[in-house]
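The structure under discussion appears below in the form of structure tokens.
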């Protein structure tokens, strides 16, 4: 059975956490684009950033 109830406190906590982290996430993404040069498969560039890399940065 699936729980379809909304926990208002949990929803508020998630929303607050996202609002707090969004500026940092945006800055990280901008920096990633700023420092990358060309396609990710061109020689000499580091491997593409994965979701797991991003999650590690914010833990």
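Summary table
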{"item": "Selection count where residues are loosely packed, with under 10 Cβ neighbours inside 10 Å and either in a helix (DSSP H, G or I) or modelled with pLDDT under 80 (or both), scope region 39-57", "result": "11"}
{"item": "Any hit, region 27-38, residues being at pLDDT below 70, loosely packed, with under 10 Cβ neighbours inside 10 Å and more than 22 Å from the chain's Cα centre (by Cα)", "result": "no"}
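The values are calculated or read from the model by the stated rules, or taken from the named source; none is laboratory data. If you're wondering where the values come from, they're calculated on a predicted model, not measured in any experiment. Because the Cβ atoms are built from the backbone with ideal geometry, glycine has one as well, and the counts that use them run over all protein chains shown.
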